[in-house]
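Everything on this sheet refers to the single structure shown next.
The values are calculated or read from the model by the stated rules, or taken from the named source; none is laboratory data. These numbers come from a predicted model, not from an experiment. Glycine also receives a Cβ, built like all others from the backbone with ideal geometry; neighbour counts cover every protein chain displayed.
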Amino acid sequence: MKVCITARGEGFTAEVDPTFGRAAYFLFIDTDTRALEAVANVPGAHGAGVQAAQTVVEKGATVVITGSVGPNAYQGLAAAGIEMYTGATGTVEQALANFQTGKLTRSGGATGARHGGGRGIQ
Amino acid sequence: MRITIASGKGGTGKTTVATNLAIAVSGKFSVQFLDCDVEEPNAHIFLKPQIEQTRSVEKLLPEVDEELCTRCGECVKACEFNAIAIIGRKILVYNDLCHGCGLCKMVCPVGAINEHPHELGVIETGTAHGFSFARGLLNVGEAMSTPIIHEMKGMIDPKRLTIIDAPPGTGCPTIAAIKDADVAILVTEPTPFGLHDLQAAVGVARSVEVPVFVVINRDGIGDDRVERYCQEENIQVAMKIPFAREIAKLYSQGTTLVDALPEWKERFQALYEAVAR
């Protein structure tokens, strides 16, 4: 399974980035092989959540692990059938372990405060 | 001439200054008052206008024909605001992100995008105190107020003295209300909070090259840091409104200072003279 964990850095020891759309990095991790690919997130001024959701879909992840997901991103990820696990904290390594041991909650709706109202910046 | 009354901080007295200024100079000039604080317009409470006409402000939202669409992604690439996404075979249109520019429709190679109008709010026009009055009113639940402000600015009559009551803050709606003005009057209060937001508002006005003047409201509270800042920045404090029970009482009754206290008519006329020079 390929999961996407939002992070402030590029490796397993990096801190989880609590925001989804404006996270510093997306770490795509194969849970079987632990192969990791870090993708720097370069959000535009508008619609960062939508853009981020498309990145995750293109990379083929089926699970997102992050702090919180805003409404626009939620809609995009949900359309692709991607499962979202929110409330992750600590390092990427810890978040992955918490996910694998069922300690993270699966989100059934947007959990995040919208950045700029989830409407981009006018 | 166009004068925009703005502030960084909300609740500093923009509407107090804008409405009093409009009434004070309306004997001398043909005034046009535009309440561009479209999320919460309240100048009508003081001006008590007769509304004669209401019209709708719309933006055009894209509608994708899923049968015709080839999922080529040209519209997604073209959209500056990420308002269209293709997720697998699904096409998502984010209405709140869409600025209604129509670029997606232009770039679609197969003509799969149509546009339909979506109401953002209304503009009410009428008269108050013998001058022309208009206010924008954003519909509840709408996120984008700038198209209404732009529409209102399109109503500006260059032969008149236009007074614009701007929305608070320093974001796009405020910039839209300040841009192209001949002068901006920034209303603040002499507190650290007032100063902080005044500095942001000055930055906004200067970024769009609009000269600024400051009005200090609730003068007598707080400290002198706003005045010191204005001195350092070479900004004229064109008026001070004292923190006085009488003024607060008139405000609470929806009465303008100019209507209740004749000396304030002269003071607001002097404010006009100071900023119009």
- request: Go through (1) among the hydrophobic types (A, V, I, L, M, F, W, C); (2) away from chain B (no Cβ under 14 Å); (3) touching a residue at least 12 places away in the same chain (Cβ under 8 Å); (4) exposed (fewer than 14 other Cβ atoms within 10 Å of the Cβ) one by one and return the number of the condition residue A:45 breaks.
  value: (2)
Residues of segment B:201-226 satisfying the condition of being within 25 Å of the chain's Cα centre (by Cα) and surrounded by fewer than 17 Cβ atoms within 10 Å (Cβ to Cβ): B:203, B:206, B:207, B:208, B:209, B:211
query: out of contact with any strand residue (DSSP E or B) (no Cβ under 6 Å at 6 or more places or on another chain) and either free of Cβ contacts under 8 Å to residues at least 40 places away in the same chain or within 14 Å of chain A (Cβ to nearest Cβ) (or both) - does that describe any residue in segment B:123-140?
result: yes
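Tally up the residues in segment B:37-76 that are part of a loop (DSSP other than H, G, I, E, B) and of a type in the set (Gly, Ala, Ser), please. First the steps, then the outcome.
If we filter segment B:37-76 for residues that are part of a loop (DSSP other than H, G, I, E, B), which is where we start, we get B:37-42, B:48-49, B:65-73.
Subset that is of a type in the set (Gly, Ala, Ser): B:73.
Result for segment B:37-76: 1.
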query: Does residue A:101 qualify as being within 13 Å of chain B (Cβ to nearest Cβ), surrounded by fewer than 24 Cβ atoms within 10 Å (Cβ to Cβ) and of a type in the set (Ser, Thr, Tyr)?
result: no
field: residue A:23, sole failed condition from (1) more than 22 Å from residue B:97 (Cβ to Cβ); (2) within 11 Å of the chain's Cα centre (by Cα)
entry: (1)
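Could you grab me the full set of residues in segment B:141-187 that are within 14 Å of chain A (Cβ to nearest Cβ) and outside any helix (DSSP H, G or I)? Please lay out each step first, then the result.
Kept after step one, since they are within 14 Å of chain A (Cβ to nearest Cβ), are these residues of segment B:141-187: B:141-150, B:167, B:169-177, B:179.
Within segment B:141-187, B:141, B:142, B:143, B:144, B:145, B:167, B:169, B:170, B:171, B:179 qualify.
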task: Go through segment A:54-63 and give me each residue that's more than 7 Å from chain B (Cβ to nearest Cβ) and either touching a helix residue (DSSP H, G or I) at 6+ places or on another chain (Cβ under 8 Å) or hydroxyl-bearing (Ser, Thr, Tyr) (or both).
output: A:55, A:56, A:62, A:63
Top-ranked residue in segment B:248-277 [being charged (D, E, K, R) and buried (at least 16 other Cβ atoms within 10 Å of the Cβ); ranked as farthest from residue B:191 (Cα to Cα)]: B:259
query: Any idea which of A:23, A:38, A:95 is more than 14 Å from every other protein chain (Cβ to nearest Cβ), in contact with a Pro (Cβ under 9 Å, 6 or more places away or on another chain) and among the aliphatic types (A, V, I, L, M)?
result: A:23
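Would you mind stating whether residue B:95 is assigned to a loop (DSSP other than H, G, I, E, B), in contact with a strand residue (DSSP E or B) (Cβ under 7 Å, 6 or more places away or on another chain) and not assigned by TED's automatic domain parsing to the domain that holds residue B:144?
Values: assigned to a loop (DSSP other than H, G, I, E, B): yes; in contact with a strand residue (DSSP E or B) (Cβ under 7 Å, 6 or more places away or on another chain): yes; not assigned by TED's automatic domain parsing to the domain that holds residue B:144: yes.
Criteria met by residue B:95.
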message: Here is a list: A:68, A:107. Which entry is touching a residue at least 24 places away in the same chain (Cβ under 8 Å) and either in contact with a Pro (Cβ under 8 Å, 6 or more places away or on another chain) or basic (Lys, Arg) (or both)?
response: A:68
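Would you mind finding the one in B:108, B:101, B:79, B:75 that is out of contact with any His (no Cβ under 8 Å at 6 or more places or on another chain), of a type in the set (A, V, I, L, M, F, W, C) and surrounded by fewer than 20 Cβ atoms within 10 Å (Cβ to Cβ)? Working first, answer last.
On the way: B:108 fails: surrounded by fewer than 20 Cβ atoms within 10 Å (Cβ to Cβ); B:79 fails: surrounded by fewer than 20 Cβ atoms within 10 Å (Cβ to Cβ); B:75 fails: surrounded by fewer than 20 Cβ atoms within 10 Å (Cβ to Cβ).
Criteria check complete, one pass: B:101.
Mind checking which residues of segment B:188-220 are in a loop (DSSP other than H, G, I, E, B) and either touching a Lys or Arg at 6+ places or on another chain (Cβ under 9 Å) or at positive phi (or both)?
Of everything in segment B:188-220, those that are in a loop (DSSP other than H, G, I, E, B) and either touching a Lys or Arg at 6+ places or on another chain (Cβ under 9 Å) or at positive phi (or both) turn out to be B:189, B:190, B:191, B:208, B:209, B:210, B:220.
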- prompt: Exactly one of (1) of a type outside the set (Gly, Ala, Ser); (2) surrounded by fewer than 17 Cβ atoms within 10 Å (Cβ to Cβ); (3) more than 13 Å from chain A (Cβ to nearest Cβ) is unmet by residue B:90. Its number?
  reply: (3)
message: Checking the conditions here, which among B:229, B:251 is touching a residue at least 60 places away in the same chain (Cβ under 8 Å), under 17 Å from residue B:12 (Cβ atoms) and assigned to a helix (DSSP H, G or I)?
response: B:251
- prompt: Hey, does segment B:234-247 have a residue that's out of contact with any strand residue (DSSP E or B) (no Cβ under 9 Å at 6 or more places or on another chain), among the β-branched types (Val, Ile, Thr) and surrounded by fewer than 19 Cβ atoms within 10 Å (Cβ to Cβ)?
  reply: no
